[in-house]
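Notes follow the structure.
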Amino acid sequence: MKPSRISICLALVAGAMGCAKKAAAPMAPPPPQVTVSQPVQRDVTEWDEYPGRLQAVEEVEVRARVNGYLQAIHFKDGAEVHKGDLLFTIDPRPYTAELDRAKAELNRAQTRLDLAVNDAQRSERLLKSKAVSEEEADSRAKAQREAEAALVAGKAAMETAQINLDFTRITAPIDGRIGRRMITEGNLVNGNQGQSTLLTTIVSLDPVYVYFDVYEQSALKYQRLTGEKKLKLAENGKLPAELELASETNFPHKGFVDFVENQLDFRTGTLRMRAIFQNPGPNRLLEPGYFGRVRLPGSPEYKALLITDLAVGTDQAQKFVYTLSSSNTAAYRPVKLGPLIDGLRVVYQGLQPPDKIIVNGLMSVRPGGPVNPQEAPMTGENKPAIASR
């Protein structure tokens, strides 16, 4: 007996349903590969950073102190000079002539004094024998005193002339870097007080100051920690400071705070502080006027756990990490974080030294889900070992 058309259709439908049931059971995906690391435990100090500006310890405006014709310039713009180096020469001839005149006047005053002394001594002898009147003797004694005063005035005039002649040679008053010449040879310069001609400027180079402002809370914190002797101070007992320029990292320049302003700026709520740093040659990197970042120790040294920022996730306002359980599953762990130190983030709460945290592959991880861990040391520059999906 041949099967009916209906029975054949039913058999085909049943077979198709059986195949569909077999296709609907897909294989479970493998656990995602992740990199896990243990937190780094070491003694750290938290640092507070501030923008600062470098300023020379000494700044000098070199000005003319006598009038005259600028005869010569003896330096190159921007060069380093030493105290006593000749910088400018003003035509000395008028002042040489004035010095010679003052010397001649001094010699004349000396001669007059010698003559007055002889007359006074002679009149004293003659007065005893009544050969001269008392009035004549008194007049000669006063002439002697007048000649003595003229001699003193002559010496002062000669010294003034010598000083003015010395001022025609303008030398560097300090060691440092000289600026550009503000006036060229051949010009007349004015040396009168209040109107003196600015010739150039010099700034010292070693050491240098850095000025920066700290908020009131931070200033009180430094005062408290220093008073409680909880901060590690510099060798001279001052608060240590470190500096980096815009092109530098890791704060390579070491110094200390040497000045704190005597009152808070009520307009900004900040206190001006100053740190000093050595700037040895020949390659002096710290130039007056540069901007940099200064940091001060903001906490005592303590033992801390540190992790890479790559391991940290954000759940609204909550920071968290995934830790690895004994069964190789990811566990959600809220953490409280601190500052970044040497590329690693301080963890205040939420982790223990034996914990292993997932540092790469977080996008593939689900709380409680299995993972395929690969251990690696904790560094501040962890890069994904496997691509995240």
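The values are calculated or read from the model by the stated rules, or taken from the named source; none is laboratory data. Just so it is clear, the model here is predicted, and its values are computed rather than measured. Note: ideal-geometry Cβ built from the backbone for every residue, glycine included; neighbour counts use all protein chains shown. Accessible surface areas use protein heavy atoms only, side chains included; no ligands, DNA or RNA. Shrake-Rupley method; radii C 1.70, N 1.55, O 1.52, S 1.80 Å.
Here are the numbers for the structure shown:
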read-out: The range 37-96 - residue that is without any contact (Cβ under 8 Å) to a residue 24 or more places away in the chain and part of a loop (DSSP other than H, G, I, E, B) and, of those, surrounded by the most Cβ atoms within 10 Å (Cβ to Cβ); value: His74
read-out: Test: residue in the range 226-235 that is free of Cβ contacts under 8 Å to residues at least 60 places away in the same chain and in contact with a Leu (Cβ under 7 Å, 6 or more places away or on another chain); value: yes
read-out: Complete set of residues in the range 329-362 that are part of a loop (DSSP other than H, G, I, E, B) and out of contact with any strand residue (DSSP E or B) (no Cβ under 6 Å at 6 or more places or on another chain); value: Asp342, Gly343, Gln352, Pro354
read-out: Looking only at the range 156-171, and only at residues there that are surrounded by fewer than 18 Cβ atoms within 10 Å (Cβ to Cβ) and of a type in the set (Ser, Thr, Tyr), the one that is nearest to the chain's Cα centre (by Cα); value: Thr171
read-out: Identity of the residue in the range 37-74, out of contact with any Phe, Trp or Tyr (no Cβ under 9 Å at 6 or more places or on another chain) and among the β-branched types (Val, Ile, Thr), that ends up modelled with the highest pLDDT; value: Val60
read-out: Thr268 being β-branched (Val, Ile, Thr), exposed (fewer than 15 other Cβ atoms within 10 Å of the Cβ) and either in contact with a Cys (Cβ under 6 Å, 6 or more places away or on another chain) or closer than 19 Å to Asp48 by Cβ (or both); value: yes
read-out: Candidates Pro370, Pro353 - the one that is farther than 30 Å from Thr249 by Cα, open to solvent by 30 Å² or more (accessible area, probe 1.4 Å), at pLDDT below 90 and out of contact with any Lys or Arg (no Cβ under 8 Å at 6 or more places or on another chain); value: Pro370
read-out: Among (1) more than 30 Å from Thr270 (Cα to Cα); (2) crowded, with 16+ Cβ neighbours inside 10 Å; (3) at pLDDT below 90 - the single one Gly194 does not satisfy; value: (2)
read-out: Matching residues in the range 300-328 - criterion: being surrounded by 17 or more Cβ atoms within 10 Å (Cβ to Cβ), under 30 Å from Ser247 (Cα atoms) and not β-branched (Val, Ile, Thr); value: Ala304, Leu305, Leu306, Leu310, Ala311
read-out: Test: residue in the range 214-234 that is under 20 Å from the mean Cα position of the chain (by Cα), at positive phi and either at pLDDT below 90 or part of a loop (DSSP other than H, G, I, E, B) (or both); value: no
read-out: Count of residues meeting criterion [under 21 Å from the mean Cα position of the chain (by Cα) and farther than 30 Å from Ile170 by Cα] in the range 22-75; value: 9
read-out: Conditions (1) assigned to a loop (DSSP other than H, G, I, E, B); (2) farther than 30 Å from Ala28 by Cα; (3) open to solvent by less than 40 Å² (accessible area, probe 1.4 Å): number failed by Asn283; value: (3)
read-out: Of all residues in the range 363-375 being not hydrophobic (A, V, I, L, M, F, W, C) and not in a loop (DSSP other than H, G, I, E, B), the one that is farthest from Pro30 (Cα to Cα); value: Glu375
read-out: Residue tally, condition in a loop (DSSP other than H, G, I, E, B) and among the acidic types (Asp, Glu), over the range 250-280; value: 1
read-out: Verdict on Glu148 being at pLDDT 75 or above and charged (D, E, K, R); value: yes
read-out: Some residue of the range 287-297 being more than 30 Å from Gly78 (Cα to Cα) and part of a loop (DSSP other than H, G, I, E, B); value: no
read-out: Restricting the range 172-191 to residues that are open to solvent by 60 Å² or more (accessible area, probe 1.4 Å) and in a strand (DSSP E or B), the residue that is farthest from Gln110 (Cα to Cα); value: Arg177
read-out: Search result, residues across the range 331-361 that are closer than 25 Å to Gln33 by Cβ, aliphatic (A, V, I, L, M) and in contact (Cβ under 8 Å) with a residue 60 or more places away in the chain; value: Leu344, Val347, Leu351, Ile357, Ile358, Val359
read-out: Residue check for Tyr209: under 20 Å from the mean Cα position of the chain (by Cα), aromatic (Phe, Trp, Tyr) and open to solvent by 80 Å² or more (accessible area, probe 1.4 Å); value: no
read-out: Residue pairs meeting the criteria (Cβ under 6 Å; at least 6 apart or on separate chains; first closer than 30 Å to Asn164 by Cα, in the range 100-120; second of a type in the set (Gly, Ala, Ser) and part of a helix (DSSP H, G or I)); value: Ala102/Ala157; Ala102/Ala161; Glu105/Gly154; Leu106/Gly154; Ala109/Ala150; Ala109/Gly154; Arg112/Ala147; Leu113/Ala147
